[in-house]
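Below is one structure, written out as structure tokens; comments come after it.
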């Protein structure tokens, strides 16, 4: 059984937890009434948050103090991700655009306006491209330097709730509202696998490499998480315990644990055997 930690609802606070104990270390008084997105920098020295106040805010996670407001979107911020070198931060907004921010200068580098209603934006492991997913049923790649669109992977298959690169950057996974995960080869942009098994929208996807084995985790409206071998296209495990839709999923850096957050107000931590 996975340990469970309650998420504070109806509050502008963002909680920082101690992993070993499950205790709250800091409560960040973030400006948004709903804080939807958060991301740690690669070195762990910065935390970025965003939400329905449309701002992107930086924090010091060692003290819980706010550092600066980097900038603001014209609609709620839905997801954030730092570049591998920590120098840049990408954000996407629910009704407008994807923006790249210079973390040191605290200013916007570019804005990509496409079909709008972006739900996910993440850097590739080499930091050269950014993948996105949208409510328009579209997923593609942007040039991280210019924001120019390089490729479109998916078009018109339902809302794309999340995207994730494999650690090597060879694969890109998309979770969609047709209840499946699609895995793409980023080299030739061909679909490598369709992973079926969930009975609800796929809201979250995350890759990890543990012991040389490539793993893919997914979270769904069907209240479960699944672990996949994306190469053999097999489902390795179904994780049950959430009492409502599971929204996001993330591996620990060493690949030994998996975190999930759901509409039941719980954060659950799972061991990866």
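None of the figures in this text is laboratory data; all of them are computed from the coordinates on show. Quick caveat: nothing in here was measured; it's all calculated off a predicted structure. Ideal geometry is used to build each Cβ from the backbone, glycine not excepted, and the neighbour counts take in all protein chains shown.
Equivalent ellipsoid semi-axes for the stretch 64-115, as square roots of 5 times the alpha carbon gyration tensor eigenvalues: give them largest first, rounded to whole Å. Can you show the working numbers first?
Working: eigenvalues 70, 33, 20 Å².
Semi-axis lengths for the stretch 64-115 are 19, 13, 10 Å.
Got the relative contact order for the chain handy, in percent, Cα pairs under 8 Å and 6 or more residues apart?
Working: 812 pairs, mean separation 27.7, N = 273.
Across the chain, relative contact order equals 10 percent.
Mind sorting 92, 235, 38 by how few other Cβ atoms lie within 10 Å of their own Cβ, fewest first? Mind dumping the intermediate values first?
On the way: 92 29, 235 15, 38 19.
Least to most surrounded, the residues fall as 235, 38, 92.
Only counting other Cβ atoms within 10 Å, I'd like 189, 266, 19 sorted with the fewest neighbours first. List each step's numbers first, then the result.
Working: 189 14, 266 19, 19 11.
Lowest to highest Cβ neighbour count: 19, 189, 266.
Taking the C-alpha atoms of the chain, how large are the radius of gyration and the largest Cα-Cα span, Dmax, in Å?
Gyration radius and largest Cα-Cα distance of the chain: 17.3, 46 Å.
Taking 41 Å as R0, compute the FRET efficiency from the Cβ-Cβ separation of residue 256 and residue 74 and round it to 0.05. Could the numbers behind the result be given before it?
Numbers: r = 40 Å, r/R0 = 0.98.
Result of the calculation: an efficiency of 0.55.
Quick one: length gained pulling residue 34 to residue 232 fully straight, 0.36 nm per residue minus the C-alpha distance?
67.4 nm
Where q = 0.21 Å⁻¹, what log10 of I(q)/I(0) comes from the Debye formula for the stretch 158-273, counting one point per Cα?
For the stretch 158-273, the Cα-only Debye profile gives -1.13.
Enter the mean projected area of the convex hull around the alpha-carbon atoms of the stretch 10-113, in nm², rounded to one decimal. Working shown, then result.
Details: hull surface 25.7 nm².
It is 6.4 nm².
Would you list 29, 245 from fewest to most Cβ contacts within 10 Å?
29, 245
Report the relative contact order of the stretch 158-273, percent, no decimals, based on alpha-carbon pairs under 8 angstrom and at least 6 residues apart. Walk me through the intermediate numbers first.
Details: 319 pairs, mean separation 19.7, N = 116.
Across the stretch 158-273, relative contact order equals 17 percent.
With the contact rule set at Cα under 8 Å and sequence spacing of 6 or more, what percent relative contact order holds for the stretch 10-113? Before the final figure, lay out each step's value.
On the way: 269 pairs, mean separation 18.4, N = 104.
This gives 18 percent for the stretch 10-113.
Fully extended, how many nm does the chain gain between residue 151 and residue 168 (0.36 nm per residue separation, minus their Cα-Cα distance)? Intermediate values should be presented prior to the final figure.
On the way: separation 17, 0.36 × 17 = 6.12 nm, distance 1.88 nm.
Net length gain for the segment: 4.2 nm.
Taking 0.36 nm per residue of separation and subtracting the Cα-Cα distance, what length does fully extending residue 213 through residue 191 add? It would help to have the intermediate numbers written out before the result.
Details: separation 22, 0.36 × 22 = 7.92 nm, distance 2.04 nm.
My answer for the length gained is 5.9 nm.
Once you put a point 7 Å from the Cα of residue 245 and another 7 Å from the Cα of residue 20, both along the Cβ direction, what distance in nm separates them?
3.7
Grab the beta carbon distance between residue 63 and residue 111, set R0 = 45 Å, and tell me the FRET efficiency rounded to 0.05. Display every interim value, and only then the final one.
On the way: r = 31 Å, r/R0 = 0.70.
The value I calculate is 0.90.
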